[in-house]
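The values are calculated or read from the model by the stated rules, or taken from the named source; none is laboratory data. The model shown is predicted, which means the values in this text are computed figures rather than measured ones. Positions of Cβ are generated from backbone atoms using ideal geometry, with glycine treated the same way; all protein chains shown enter the neighbour counts.
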Amino acid sequence: MKRSLSKEKTIPRIRYQPRDINDPAEFAESIRSRRGGPLLNLDLMLMHSPPLAKGWNEFLREVRSGLSLSPKLRELAICTVAVLTGAEYEFYHHKTEFMKAGGTVAQVEELRNFELAINDANLFSTIERAVLKLTFEMTCEVQVSDSSFAAVRSALISDREIVELVAVIAAYNMVSRFLIALEVEPERAKS
């Protein structure tokens, strides 16, 4: 079942750790370093379990910056997962990254109406529509059709890129499920 993105403020199901948390110091500093600033609400939730926060930080650092997959396709997949799962927090943080990587405001707006986006050849290229379809199937149906896989295979250069794309979609399904289950709110909602 698809959820719609909600712009309403939510209250987290578990209180956030304090913004100035520094225990254990090496984990908190590592996360601040990756973020380039203060801890986000997601980090403050993860810091309830330092081993989880550490593993999450290391894994997602590689997913976000260590892969050869095009940043635009990576962020398109992440935004699509967010739309399909209703993870406003994820969409809020990644729509800007998608635009930095070459996405457009029109694409971001149309992603909120996924049924239009997946078939829009004017706004989305062939490979982008293939990524949308693969992301939909992985997120909503789990099984990937041969035709969707073939469309991605024909547009991406290497098996490595395909594996990385599938991993990005899987990783951000994990992220969205964590955010939604604990009702983590976008930072802007706190102001």
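Looking only at residues in the range 118-128 that are surrounded by 15 or more Cβ atoms within 10 Å (Cβ to Cβ) and outside any loop (DSSP other than H, G, I, E, B), which one is nearest to the chain's Cα centre (by Cα)? Talk me through it step by step, then tell me what you get.
The first filter runs over the range 118-128 and keeps only residues surrounded by 15 or more Cβ atoms within 10 Å (Cβ to Cβ), leaving 118, 120, 123-124, 127-128.
If we keep only those that are outside any loop (DSSP other than H, G, I, E, B) too, we end up with 127-128.
Values: 127: 18, 128: 16 Å.
Per the criteria, the residue is 128.
Could you say which residue among 173, 113 is in contact (Cβ under 8 Å) with a residue 60 or more places away in the chain and over 21 Å from residue 35 (Cβ atoms)? Quick ask: steps written out before the conclusion?
Numbers: 113 fails: in contact (Cβ under 8 Å) with a residue 60 or more places away in the chain.
Result of the check over 173, 113: 173.
Would you check if there is a residue in the range 76-87 being without any contact (Cβ under 8 Å) to a residue 40 or more places away in the chain and closer than 26 Å to residue 157 by Cβ? So that I can check it myself, show each step before the final result.
Just the residues of the range 76-87 that are without any contact (Cβ under 8 Å) to a residue 40 or more places away in the chain, to begin with: 79.
From the residues that got through so far, the ones that are closer than 26 Å to residue 157 by Cβ too are 79.
Yes: the range 76-87 contains one or more residues that are without any contact (Cβ under 8 Å) to a residue 40 or more places away in the chain and closer than 26 Å to residue 157 by Cβ.
Got a number for residues in the range 23-48 being over 18 Å from the mean Cα position of the chain (by Cα) and surrounded by 12 or more Cβ atoms within 10 Å (Cβ to Cβ)?
8
Which condition breaks for residue 97 when tested against (1) more than 19 Å from residue 68 (Cα to Cα); (2) surrounded by fewer than 19 Cβ atoms within 10 Å (Cβ to Cβ); (3) acidic (Asp, Glu)?
The number of the failed condition is (1).
Report whether or not residue 57 is touching a residue at least 40 places away in the same chain (Cβ under 8 Å) and farther than 26 Å from residue 134 by Cβ.
Details: touching a residue at least 40 places away in the same chain (Cβ under 8 Å): no; farther than 26 Å from residue 134 by Cβ: yes.
No: the conditions fail for residue 57.
Name the residue, out of 158, 125, that is among the hydroxyl-bearing types (Ser, Thr, Tyr) and either touching a helix residue (DSSP H, G or I) at 6+ places or on another chain (Cβ under 8 Å) or farther than 25 Å from residue 59 by Cβ (or both). Working first, answer last.
Details: 158 fails: either touching a helix residue (DSSP H, G or I) at 6+ places or on another chain (Cβ under 8 Å) or farther than 25 Å from residue 59 by Cβ (or both).
Of the residues listed, the single one that is among the hydroxyl-bearing types (Ser, Thr, Tyr) and either touching a helix residue (DSSP H, G or I) at 6+ places or on another chain (Cβ under 8 Å) or farther than 25 Å from residue 59 by Cβ (or both) is 125.
Select, from 115, 75, 90, 110, the only residue that is assigned to a helix (DSSP H, G or I), within 19 Å of residue 135 (Cα to Cα) and in contact with a His (Cβ under 8 Å, 6 or more places away or on another chain). Working first, answer last.
Numbers: 115 fails: in contact with a His (Cβ under 8 Å, 6 or more places away or on another chain); 90 fails: in contact with a His (Cβ under 8 Å, 6 or more places away or on another chain); 110 fails: in contact with a His (Cβ under 8 Å, 6 or more places away or on another chain).
That would be 75, the only listed residue that is assigned to a helix (DSSP H, G or I), within 19 Å of residue 135 (Cα to Cα) and in contact with a His (Cβ under 8 Å, 6 or more places away or on another chain).
Return yes or no: is residue 60 over 14 Å from the mean Cα position of the chain (by Cα) and not assigned by TED's automatic domain parsing to the domain that holds residue 107?
Working: over 14 Å from the mean Cα position of the chain (by Cα): no; not assigned by TED's automatic domain parsing to the domain that holds residue 107: yes.
Taking the combined requirement at face value, the residue does not satisfy it.
Please work out if residue 148 is in a helix (DSSP H, G or I), modelled with pLDDT under 95 and among the small types (Gly, Ala, Ser). Full working, then the answer.
Numbers: in a helix (DSSP H, G or I): yes; modelled with pLDDT under 95: yes; among the small types (Gly, Ala, Ser): yes.
Considered against the rule, which asks whether it is in a helix (DSSP H, G or I), modelled with pLDDT under 95 and among the small types (Gly, Ala, Ser), residue 148 comes out as yes.
Which residue out of 166, 131, 175 is surrounded by 14 or more Cβ atoms within 10 Å (Cβ to Cβ), within 23 Å of residue 12 (Cβ to Cβ) and among the β-branched types (Val, Ile, Thr)?
Details: 166 fails: within 23 Å of residue 12 (Cβ to Cβ); 131 fails: within 23 Å of residue 12 (Cβ to Cβ).
One residue alone meets the criteria, 175.
Out of the helices (runs of 4 or more DSSP H) lying entirely within the range 13-65, which hold 2 or more residues that are closer than 22 Å to residue 78 by Cβ and modelled with pLDDT under 80? Break it down stepwise before answering.
Numbers: elements: 25-35, 41-46, 50-65.
Those helices (runs of 4 or more DSSP H) span 25-35.
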